[in-house]
Amino acid sequence: MSKQNESLAEHLGILKDRWDQALCNHDYQLAVVAAGVSRTYLFDDQSPVFRANPHLAQWLGSDACEGSTLILETGREPRLLFYSPADYWHQPPDPPEELLGVLNIDVFDSIDAIQREVNVCTQHAGQVAYVGDPSSAQGSLGEVNPSALINELHYLRAYKTEYELQCMRQASARAVSGHLAAASAFAGGASEFELQLAYLDASRQTEADLPYPNIIALNQHAGILHYQHYERAAPNPRHSFLIDAGARHRNYAADVTRTYGSDQAGAAQQTFNALVAAMDRQQQELVSKIRPGLSFLDLHEDMHHRLGGMLNAAGLIQCDGEQAFDAGITRAFLPHGLGHLLGLQTHDVGGHQIDTEGTTSEPPESYQALRLTREIEVDQVFTIEPGLYFIPQLLEELRASEAGQHVCWPEVEALQDFGGIRIEDNVAIRPDGVENLTRDAFAQAPGAA
Ligand code: GLY
Ligand code: MN
Ligand code: MN
């Protein structure tokens, strides 16, 4: 068996054990895991690109399973009821042959036939759990998405298998190809639209392949956290370029952000470029602090302390960094969290969950947007994405508050056209240290120094 097949077999074995244990823990004999079906837009016959139920995608590593169902029964080999209709409008999906030997696969050409087979399987089973889109669940199928079962599976999703990690390395390499092409297109004066095309071309992806819509932001657009447009004309002058763009490999995501300053003259441009370099250093220092047992919330707070220091060093506040932190000033410049779990989903599930039972550790009032509050542990993969933004709405609120007196407003206003900065890497916690999937991919990219 090749190394890749070995790790896939091990991955599927781990999934089987997790499901067996979870079903047993919560007194289910059988689970029906449904991929789901795509839904059309209102009053239309068109639909968005289909994304499979991640509980099934974790087995199949693909979204090409619309209408299929996996039957998981304790002590039995999993059985995939694979939907592949005779269809001359679309290319029907091929059953995942590489999974034969681990899954029993039966191919069906109608969803009704799959439903009848599911009914046969569940008829004589004890307690049944249906895991899938509730609106597609049929009354007789059993309990729909029982939270005890889902909580356990979501909690465990944070611990990546070797195979999942391999997929994420591949996704990182793909994303980095796109990032390198986009960086050079920016240097050549490209518009947001052209940058997006350069990224897609170099990363060999269509928009539908992406894990999330790329954020391709020039100038002040970089201050819109999830900026969603691709302007056709390049702005003049060009100050900054923030690109948050990802890739997927067998449904596993990379989520990568880089920020570049332009070579325009001027004090504000110099300050911005120095801030980009400082953010890159701080980001790497934060990564170097990561170790099992550390609370992600503490690391997030560490970032705010560092940001206070950066604002002070750049001459954007009159007080020192610690005073800025205490006064809440850093939160106006950085309203999102330091990172989130990453995997089958860009914002992977279970980030606030601290045990298999579903107990949550909610972020404190001051950091409501923080998506990860778990303790750091081996086998987790998450992002580290500090940022610094000049967001008019938040700056107005800061100016109107008592803390606003500490801000050097002319200098801050001069940076509003630059939007902001974010540097985002994906890191895997390994038994022997931290693997930075993103920086490794940049270092290994063809032509890298
Ligand atoms: N690309 C979305 C995020 O960084 O969370
Ligand atoms: Mn992210
Ligand atoms: Mn991102």
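FYI, it's all coordinate maths here, none of it is from the lab. Here the structure is a predicted model, which means the values were calculated and not measured. Note that each Cβ is placed from the backbone with ideal geometry, even for glycine, and that neighbours are counted across all protein chains shown.
Figures for the structure shown
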| quantity | calculated |
| --- | --- |
| Prolate/oblate/rounded call for segment 330-370, Cα gyration tensor, a/c under 1.5 rounded | oblate |
| Rounded if a/c under 1.5, otherwise prolate or oblate - segment 23-168, Cα gyration tensor axes | rounded |
| Using a Förster distance of 45 Å, the FRET efficiency for Asp27-Arg204 (Cβ separation, nearest 0.05) | 0.45 |
| Helix 296-313 vs. the chain, principal-axis angle (Cα, 0 to 90°, nearest 10) | 20 degrees |
| Dipole of the chain [Lys/Arg +1, Asp/Glu -1 at C-beta], most positive-end residue of Asn5, Thr74, Trp19 | Asn5 |
| Isotropic mean projected area of the C-alpha convex hull, the chain (nm²) | 23.9 nm² |
| Alpha carbon Rg of segment 194-236, scaled by the compact-globule rule 2.2 N^0.38 Å | 1.19 |
| Förster radius 30 Å - calculated FRET efficiency between Glu77 and Ser135 (Cβ-Cβ, nearest 0.05) | 0.50 |
| Asp355/Ala86 FRET efficiency (R0 51 Å; Cβ-Cβ; nearest 0.05) | 0.60 |
| Ranked Asp432, Asp379, criterion: other C-beta atoms within 10 Å, fewest first | Asp432, Asp379 |
| Segment Ser147-Val287, extension gain: residue separation times 0.36 nm, minus the distance between their alpha carbons | 47.0 nm |
| Residue (of Pro392, Gly420, Leu437) at the positive-pole extreme of segment 392-449, dipole from beta-carbon charges | Leu437 |
| Rounded D (µm²/s) - segment 71-153, Kirkwood Rh over Cα pairs, Stokes-Einstein at 10 °C, 1.306 mPa s | 110 µm²/s |
| Residues listed by number, segment 283-317, amide nitrogen under 20 Å from Glu375 label point at 7 Å toward C-beta | 289-302 |
| Cα long-axis angle, helix 162-187 against the chain (0 to 90 degrees, to the nearest 10) | 40 degrees |
| Between 0 and 90°, nearest 10: helix 192-203 axis offset from the chain longest Cα axis | 50 degrees |
| Two-site label geometry, Ala277 and Tyr41: point separation in nm, points 7 Å out along Cα→Cβ | 4.7 nm |
